Amino acid sequence: MDTPTFWKALTWILRHLGCGPNDETVTGDLIERYRKGRSRSWRLWQVGNLLLLNFRGGLLGLAAGAVTAAVSVAGNVRRNDSHGISFFPDVLSLLVLIVSVCLIVRHWHQTGMLPRAVRRALRQAAVSAAFLTAVSHYLFALWWFHESIPMSQLWILVQHIAAIGFVMVVFIVIGTGSLASRILGSRRASLE
């Protein structure tokens, strides 16, 4: 954990996946303090905090994905269709995702995130939300169809459901987030 390779890897991760405007400065400061002999526990604590803060897009995406998945699974159960399930069985589950993304982007704009950082965080949020939603629907489909479809066909079916849903959620999150970001950015520009 204390090797220069670790610090190079951390710098690369933050450069390509981080969201903060000062990622390189903060990483450089950590490396400098590492060289001055700060304790291992201090360094681990700082790296953990840095990664947590820089992957806030992913964390907020997980939250949006969890809420959307819960509403969607509940909608599928309420529909009680033994022949199929849907990622968005009703308008409510789609609205939950869209509103969640808009609130997340609004929060980022209010906290002063730079447009580049918002785009990067939005990509993280999209993948996180899509992953969690796809996994939940994968597991739900296994449970929902376990008696009506032979297991050999069921595995193929649920993989297709998860893959299609993953792509769909990524496009919805990035599209909605980009639109919300443009609207909020133009509103901010007109107020200044």
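Only one entry of Ala125, Ala117, Ala141, Ala162 meets the criterion of being touching a Cys at 6+ places or on another chain (Cβ under 6 Å) and assigned to a helix (DSSP H, G or I), and that entry is Ala117. Consider the range 137-166 and keep the residues that are exposed (fewer than 12 other Cβ atoms within 10 Å of the Cβ) and aliphatic (A, V, I, L, M). The one that is nearest to Gln124 (Cα to Cα) is Ile156. Might you let me know whether the range 168-185 holds any residue that is under 13 Å from Phe87 (Cβ atoms) and either of a type outside the set (Val, Ile, Thr) or touching a Pro at 6+ places or on another chain (Cβ under 9 Å) (or both)? Scanning the range 168-185 turns up at least one residue that is under 13 Å from Phe87 (Cβ atoms) and either of a type outside the set (Val, Ile, Thr) or touching a Pro at 6+ places or on another chain (Cβ under 9 Å) (or both).
Considering each of Ala117, Ala125, Ala134, Ala129 in turn, give the residue that is surrounded by 14 or more Cβ atoms within 10 Å (Cβ to Cβ) and modelled with pLDDT under 85. Spell out the reasoning first.
On the way: Ala125 fails: modelled with pLDDT under 85; Ala134 fails: modelled with pLDDT under 85; Ala129 fails: modelled with pLDDT under 85.
On inspection, the qualifying residue turns out to be Ala117.
Which one is surrounded by the fewest Cβ atoms within 10 Å (Cβ to Cβ) among residues in the range 103-114 that are outside any helix (DSSP H, G or I) and either of a type in the set (Lys, Arg) or touching a residue at least 24 places away in the same chain (Cβ under 8 Å) (or both)? Going through the qualifying residues, I end up with Leu114.
Looking at Gly57, is it buried (at least 20 other Cβ atoms within 10 Å of the Cβ), assigned to a helix (DSSP H, G or I) and in contact with a Ser or Thr (Cβ under 6 Å, 6 or more places away or on another chain)? No, not satisfied.
Taking the condition closer than 21 Å to Thr176 by Cβ and either assigned by TED's automatic domain parsing to the domain that holds Val158 or aliphatic (A, V, I, L, M) (or both), does Ala117 pass?
Numbers: closer than 21 Å to Thr176 by Cβ: yes; either assigned by TED's automatic domain parsing to the domain that holds Val158 or aliphatic (A, V, I, L, M) (or both): yes.
Yes; evaluated as a whole, the condition is true for this residue.
Yes or no: the range 28-36 includes at least one residue that is within 20 Å of Phe171 (Cα to Cα) and without any contact (Cβ under 8 Å) to a residue 24 or more places away in the chain. No, because not a single residue in the range 28-36 is within 20 Å of Phe171 (Cα to Cα) and without any contact (Cβ under 8 Å) to a residue 24 or more places away in the chain.
Results for (1) under 21 Å from the mean Cα position of the chain (by Cα); (2) part of a loop (DSSP other than H, G, I, E, B), shown as yes or no for each residue.
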{"site": "Val77", "(1), (2)": "no, no"}
{"site": "Gly84", "(1), (2)": "no, yes"}
{"site": "Val101", "(1), (2)": "yes, no"}
{"site": "Trp155", "(1), (2)": "no, no"}
{"site": "Val173", "(1), (2)": "yes, no"}
{"site": "Leu179", "(1), (2)": "yes, no"}
{"site": "Gly185", "(1), (2)": "no, no"}
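The values are calculated or read from the model by the stated rules, or taken from the named source; none is laboratory data. No experiment lies behind these values; they were computed from the predicted model shown. When we count neighbours, we look across all protein chains shown, and the Cβ atoms used for this are built from the backbone with ideal geometry, even at glycine.
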